[in-house]
Amino acid sequence: MDALTAYGLISVSAMLLFYTLELRGPHYVLAFAAACAFSALYGFLQGAWPFGLVETVWTAVALRRWAGATPART
């Protein structure tokens with residue numbers, strides 16, 4: 001297994017882990033967004049740009065959910 005494949009395995013595994021933990025708190029939603037961003041990077045580095053594009057969209061969706069779940073600071 002080369003380094004890029006190992007990176008992809010770790011980032012997608014983290015994405016699945018944090019997705020299952022999202023209901024425990026907004027910090028898990030943020031971690032899911034970060035894992036999505038790492039997975040998007042993997043897709044682009046691997047040359048699978050449609051995968052990278054979809055993961056970029058998931059990153060944006062997760063960040064919006066995180067922003068909505070985080071109390072506004074005044």
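Bear in mind that the values in this text are calculations on the coordinates, not laboratory data. All figures in this text were calculated on a predicted structure; none of them were measured in a lab. Positions of Cβ are backbone-derived with ideal geometry, glycine not excepted, and every protein chain shown enters the neighbour counts.
For region 26-46, which residues satisfy the criterion of being in contact (Cβ under 8 Å) with a residue 40 or more places away in the chain and either of a type in the set (Gly, Ala, Ser) or within 13 Å of Leu63 (Cβ to Cβ) (or both)? Residues satisfying the conditions are Pro26, Val29. Filtered by the rule that a residue be farther than 24 Å from Ala3 by Cα and part of a helix (DSSP H, G or I), region 59-74 gives Ala60, Val61, Ala62, Leu63, Arg64, Arg65, Trp66, Ala67, Gly68, Ala69. Scanning region 1-57 for residues that are in a helix (DSSP H, G or I), farther than 18 Å from Ala67 by Cα and of a type in the set (Gly, Ala, Ser) yields Ala3, Ala6, Gly8, Ser11, Ser13, Ala14, Ser39, Ala40, Gly43, Gly52. Filtered by the rule that a residue be over 10 Å from the mean Cα position of the chain (by Cα) and buried (at least 17 other Cβ atoms within 10 Å of the Cβ), region 13-31 gives Glu22, Tyr28.
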